[in-house]
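Take a look at the structure below.
What follows is calculated from the coordinates using simple rules that are stated; it is not laboratory data. What you see is a predicted model, and the numbers here were worked out from it, not measured in a lab. So basically every Cβ, Gly included, is an ideal-geometry build from the backbone, and we count neighbours across all protein chains shown.
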Amino acid sequence: MPGLPIELAPGLAARLEGAFDREGKIVRALESLGPVGDRDVVGIGVDPGPIARGLAELGARLAAATADRSPKLALAGEAGSADVVLSAWSAFREVDAPSLREVDRVLRPGGRHLVVHDYGRDDVSRLAGERPEHAAWSDRNGPFLTNGFRVRVIHCWWTFDALDEVRSFLEDAFGAAGRAIGDGLSRPRLSYKVAVYHRTRGELAPPVRAARGAC
């Protein structure tokens, strides 16, 4: 099932979707940093799932865009047609000036560019394995903060109804690694931190201080 940060078989993805950020913290952060409600939003990787549903509830007019990187990023969309360009997990894994200019082409003046990635330093990152987004990307010298982005870190959860349920899911989805993490849980949830990198159209600035905080 698309719209989730980890690729899983459909049945397992459906189980995770029911547990993913039940409090809606990610979408609330996007509204705070956008806003996205009642706005024209170009979504990259914002497939049907929890984030897309949350955007719809806020009245966002979400249009999917294919990010073609051959040889450089090209977004479907007319110049100045969007209030927000929002990427979730799939795109902007290599931040560069041509890609940012392409986003700015699609955005209206004052438009917002929001990029959602895993932050790491949590239970979920122990399942997914070490990735650059778990540390290097949020560093002051990383690709986002050196290209005009700020970052907000959202403290979320994968919340299940019972310990047996979360332990069963973890073992079915991640094998021995999932079983080991499940055995160490005392509550039916996993800590999950998400970074929302954000900037305004035209901001291609020197590094800025990372702002951390729960929403």
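When N counts the residues of the range 10-200, how does its alpha-carbon radius of gyration compare numerically with 2.2 N^0.38 Å, as a ratio?
Expressed relative to 2.2 N^0.38 Å, the Cα Rg reads 1.07.
Under a Cβ-Cβ cut-off of 9 Å, what is the net charge of the residues other than Gly59 that fall near it, where Lys and Arg count +1 and Asp and Glu count -1?
0
Note down the relative contact order for the range 10-200 as a percent, whole number, built from C-alpha pairs under 8 angstrom at least six residues apart.
24 percent
Whole-Hz ³J(HN,Hα) for each residue in the range 73-78, computed from phi via Karplus 6.51 cos²θ - 1.76 cosθ + 1.60 with θ = phi - 60°, x for glycine and proline: what do you get?
Here the 3J(HN,Hα) series is 4, 9, 9, 6, x, 6 Hz.
Report, in deg cm²/dmol and to the nearest 500, the calculated mean residue ellipticity at 222 nm for the chain, where each DSSP H run with n ≥ 4 adds -39500 (n - 2.57) and the sum is divided by the residue count.
Mean residue ellipticity at 222 nm (helix-derived): -8500 deg cm²/dmol.
If you take every DSSP beta bridge whose two residues both sit in the range 10-200, what share of them, in percent to the nearest 5, is antiparallel?
Taking every DSSP beta bridge with both residues in the range 10-200, the antiparallel ones total about 60 percent.
Non-local amide H neighbours of Ala64 (under 5 Å, H modeled in plane, Pro and chain starts lacking H): which ones?
Residues meeting the criterion, in which the H sits 1.01 Å from N, are Gly43.
Putting +1 on Lys and Arg Cβ atoms and -1 on Asp and Glu Cβ atoms, find which of Leu114, Gly142, Leu86 reaches farthest to the positive end of the dipole of the chain.
The Cα lying farthest towards the positive end belongs to Gly142.
5 Å is the cut-off here: which amide hydrogens, built 1.01 Å from N in the peptide plane, fall below it relative to Gly3, excluding neighbours closer than 5 in sequence?
Asp47
By counting other Cβ atoms within 10 Å of each Cβ, how are Lys72, Lys25, Lys193 ranked from fewest to most?
Placing the least packed residue first, the sequence is Lys72, Lys25, Lys193.
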